[in-house]
Amino acid sequence: MNSSLTPSERHELGNIAGAMIPAAPDLGMPAANDPRILADIERSIGRDLADVRTALARPLRGDINDWYAQGGTAARTLGRLVAGAYYRDDRVL
């Protein structure tokens, strides 16, 4: 992983990604906090590291929709990275 996230940022990334896209076991779909998907998210951060860090500095407390709505550009950037990595995973499509 080359994103330079700290362990606490990685932990929060897992919390947020899993809340954004939860697993659908009945369909055999992983959550976005699946280890392979999280690794892809981290590899994809690149130039968005500052926005990702800003998003991860706001811990998820309560509803993901509230967190996302109040997060501005940083939350939208993280959401784009999460969705992109999720839909690249062979288990999803």
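The values are calculated or read from the model by the stated rules, or taken from the named source; none is laboratory data. Predicted, not measured: the structure shown is a model, and the values here were computed from it. Backbone-built Cβ (ideal geometry, glycine too); neighbour counts: all protein chains shown. In case anyone asks, the SASA skips ligands and DNA or RNA and just uses the protein heavy atoms, side chains included. Shrake-Rupley method; radii C 1.70, N 1.55, O 1.52, S 1.80 Å.
Using the alpha carbon gyration tensor of segment 44-84, what are the three equivalent-ellipsoid semi-axes (square root of 5 times each eigenvalue), largest first, in whole Å?
Equivalent-ellipsoid dimensions as semi-axes: 17, 11, 8 Å.
If I histogram all Cα-Cα distances within segment 23-66 using bins 10 Å wide from 0, what percent of pairs lands in each bin?
Each 10 Å bin holds this share of Cα pairs: 22, 40, 33, 4.
When the Karplus curve 6.51 cos²θ - 1.76 cosθ + 1.60 is applied with θ = phi - 60°, which whole-Hz ³J(HN,Hα) does each residue of segment 71-86 get, with x for Gly and Pro?
After applying 6.51 cos²θ - 1.76 cosθ + 1.60, I find x, x, 4, 4, 5, 5, 4, 5, x, 4, 5, 5, 4, x, 5, 4 Hz.
Over all directions, average the projected area of the Cα convex hull of segment 1-51 and note it in nm².
Computing the convex hull of the Cα atoms and averaging its projections yields 3.6 nm².
Starting at the first residue of segment 9-23, write each ³J(HN,Hα) from the Karplus equation 6.51 cos²θ - 1.76 cosθ + 1.60 with θ = phi - 60°, in whole Hz, x for Gly and Pro.
Listing the rounded values in order: 5, 4, 4, 5, 4, x, 4, 5, 4, x, 6, 5, 9, x, 5 Hz.
Report which label in (i) 9.0; (ii) 7.5; (iii) 5.6 holds the value of mean projected area of the Cα convex hull in nm² derived from the coordinates of this structure.
Identified label for the calculated read-out: (iii).
Could you give the size of the charge dipole of the chain about its Cα centre, using +1 on the Cβ of each K and R and -1 on the Cβ of each D and E, expressed in debye and rounded to the nearest 20? Walk me through the numbers on the way to the answer.
Numbers: 11 positive and 12 negative charges, 49 e Å.
The dipole of the chain has a size of about 240 debye.
Taking amide H atoms as placed 1.01 Å from N in the peptide plane, list the residues 5 or more away in sequence, or in a different chain, whose amide H sits under 5 Å from that of MET29.
ALA24
In the neighborhood of LEU13, defined by Cβ-to-Cβ distances under 15 Å, what is the net charge if each Lys or Arg adds +1 and each Asp or Glu adds -1?
Summing Lys and Arg as +1 and Asp and Glu as -1 gives -1.
Accessible area per residue, 1.4 Å probe, Å², for the chain: what's the number?
Accessible area per residue: 57 Å².
Once the dipole of the chain is set up with Lys and Arg at +1 and Asp and Glu at -1 on Cβ about the Cα centre, which of ALA31, GLY18, GLY46 lies farthest towards its positive end?
Of the candidates, GLY46 comes out farthest on the positive side.
Please give me the summed charge of the neighbours of LEU49: other residues whose Cβ is under 11 Å from its Cβ, Lys and Arg +1, Asp and Glu -1.
Result for the local shell: -2.
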